[in-house]
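Encoded as structure tokens, the structure appears first; notes follow it.
The values are calculated or read from the model by the stated rules, or taken from the named source; none is laboratory data. In this text the structure is predicted, and so the values were computed from the model without any measurement. Note that each Cβ is placed from the backbone with ideal geometry, even for glycine, and that neighbours are counted across all protein chains shown. Side chains are part of the model used for accessible areas, which takes the heavy atoms of the whole protein and leaves out ligands, DNA and RNA. Shrake-Rupley method; radii C 1.70, N 1.55, O 1.52, S 1.80 Å.
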Amino acid sequence: MKIKDFTLEKVGPYVAFFCGLFVLLPFKLKPLTVFVFFVWSLFSLFKNRKTIKIEIKTLIISSIFFICYAISLLFSENIQRGFTILLRCIPIVLIPLGYSFLTLETKIIFNKLFRKTVIVAASIYSSLLFIYLFQLGYFSQKLDLYTCYSYITYEFWGLNEHPIYSSIFFSIALFFILIEGFKNKILNFILFLILIFGLLILARKGVIASFFILSGILLFLKNDKKQTAKLVFVFIGLFLVSLCVTEIRSRFLELFDTSKVVNNKETSSGIRYILWNTSEKVIKNSNYLGYGVGDAQEVLSKQLALDGYAVLSKENYNAHNQYLQIGLATGVIGILLYLFSVAYLFRNFMKRKNAEAIVFLLFFIFVFLFESVLERQNGIIIYSFITSMFIYTSEFDKNISK
């Protein structure tokens, strides 16, 4: 009995801390958070097996993405690649399953420490980012910001992370500060600024817009008008200041120039326009049935080459839209099933009056419009941890908060 108690009560905080460090871990070590979390949750199941009730329906709903991909393997020609992608997607099943093995009290304790660790880890990452930019010579104008983005993605002290995912991590940490944060308001403000600066310097348009809109909605739902006004003032002020940086300004202004959006393979918006149109064409060519998880990327790349976008084809660009990405693999049926799972969760969160869960779900829904987040394991893992935190009853539910 002592061993079991030690495992859950003593090891639990270390597990939460390790999982919260996800942001700072090198890419190859990130999956370890899933392994450690799941093994720990098995101990909880063993100790509380008489009281733990696994909700099969909830587990299936939260795993529909994985289930659709698994079924699509049946009509994939490239089985090996298909299995590789399915292996990458396993956290979508393991993390919700692990959460279902925990008691309510254990989940609440885990969630609180996990959130605080994510805030600190993301703040450290943002700070290191500016130190790295200084080392690269960005502030002395030796390199432009676009070149620095490439270094951040491939050479950043072993932390190599694509800016879109770093921006997602920063946004999640910022939401956590707005939801609860630390008791010290000055510390919260300092960390908030560090994260905002990191978010703005990376200049990922879709993530920034999603965070700004949804953070306002979050504070509005919490009936915090003063905080909402402060947030709007600070964010707009810092955003306007960031536009003084040539590269950041050009990234946002390109949205208002049709020539830089329509079939322009030199700008981020133009590339997305090409990828979205090509993905739609490919899905249509499959009679809206998709090509299977193992062949989706190859088919998209071939079509890009046929349409004259050889560079995009060689670099194996994905759809840069999660819904289209699902459609490439599983067709319209897969898209509809995934949207059904999202609608189910949204309805569930509305019933529970869980504003925090609603905002986080909407955040991912919006970001999925601009990026195939679930094509990379780092996106899969953070998505699974955050959604599972709210799918399985949390301390933010109004029916249990008092």
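Tabulated values for the structure
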quantity: Output for region 286-307, where each listed residue is part of a helix (DSSP H, G or I) and under 26 Å from the mean Cα position of the chain (by Cα); calculated: Ala296, Gln297, Glu298, Val299, Leu300, Ser301
quantity: Ser268 under 19 Å from Leu369 (Cβ atoms) and among the small types (Gly, Ala, Ser); calculated: yes
quantity: Hey, Ile131 open to solvent by less than 10 Å² (accessible area, probe 1.4 Å) and not hydroxyl-bearing (Ser, Thr, Tyr) or not; calculated: no
quantity: Top-ranked residue of region 364-380 - restricted to ones that are open to solvent by 10 Å² or more (accessible area, probe 1.4 Å) and without any contact (Cβ under 8 Å) to a residue 60 or more places away in the chain, ranked as nearest to Asn316 (Cα to Cα); calculated: Glu375
quantity: Near pairs, Cβ below 7 angstrom, 6+ apart or cross-chain, from region 63-78 (open to solvent by less than 20 Å² (accessible area, probe 1.4 Å) and basic (Lys, Arg)) to any residue that is in a helix (DSSP H, G or I) and modelled with pLDDT of 95 or more; calculated: none
quantity: Output for region 27-85, where each listed residue is over 21 Å from the mean Cα position of the chain (by Cα) and of a type in the set (D, E, K, R); calculated: Lys47, Arg49, Lys50, Lys53, Glu55, Lys57, Glu77, Arg81
quantity: Matching residues in region 267-309 - criterion: being within 25 Å of Phe252 (Cβ to Cβ), small (Gly, Ala, Ser) and open to solvent by 10 Å² or more (accessible area, probe 1.4 Å); calculated: Ser268, Ser269
quantity: Among the candidates Leu337, Leu312, residue that is of a type in the set (A, V, I, L, M, F, W, C), surrounded by fewer than 21 Cβ atoms within 10 Å (Cβ to Cβ) and either touching a Cys at 6+ places or on another chain (Cβ under 9 Å) or not in a helix (DSSP H, G or I) (or both); calculated: Leu337
quantity: Residue in region 352-363 that is open to solvent by less than 10 Å² (accessible area, probe 1.4 Å), β-branched (Val, Ile, Thr), assigned to a helix (DSSP H, G or I) and farther than 26 Å from Ser301 by Cα present; calculated: yes
quantity: Residue within region 241-261 that is outside any helix (DSSP H, G or I) and buried (at least 17 other Cβ atoms within 10 Å of the Cβ) present; calculated: yes
quantity: Helices (runs of 4 or more DSSP H) wholly inside region 1-109 containing at least 1 residues that are within 18 Å of Val373 (Cα to Cα) and not β-branched (Val, Ile, Thr); calculated: 31-47, 56-62, 64-72, 79-89, 91-100
quantity: Qualifying residue in region 139-153 (condition: within 20 Å of Leu29 (Cβ to Cβ), among the polar types (S, T, N, Q) and free of Cβ contacts under 8 Å to residues at least 12 places away in the same chain); calculated: yes
quantity: All positions within region 372-389 that are in contact with a helix residue (DSSP H, G or I) (Cβ under 6 Å, 6 or more places away or on another chain) and not in a helix (DSSP H, G or I); calculated: Ser372
quantity: Candidate set from region 154-194 (those that are among the β-branched types (Val, Ile, Thr) and in contact (Cβ under 8 Å) with a residue 40 or more places away in the chain); member that is surrounded by the most Cβ atoms within 10 Å (Cβ to Cβ); calculated: Ile168
quantity: Residue among Leu102, Leu59, Leu24 that alone is within 27 Å of Tyr344 (Cβ to Cβ), open to solvent by 10 Å² or more (accessible area, probe 1.4 Å) and touching a residue at least 40 places away in the same chain (Cβ under 8 Å); calculated: Leu59
quantity: Residue within region 180-193 that is at pLDDT below 95, closer than 20 Å to Phe366 by Cα and part of a helix (DSSP H, G or I) present; calculated: no
quantity: Region 214-228 - residue that is in contact (Cβ under 8 Å) with a residue 40 or more places away in the chain and of a type in the set (A, V, I, L, M, F, W, C) and, of those, most open to solvent (accessible area, probe 1.4 Å); calculated: Leu221
quantity: Check on Tyr344, free of Cβ contacts under 8 Å to residues at least 60 places away in the same chain, open to solvent by 10 Å² or more (accessible area, probe 1.4 Å) and of a type in the set (Phe, Trp, Tyr); calculated: no
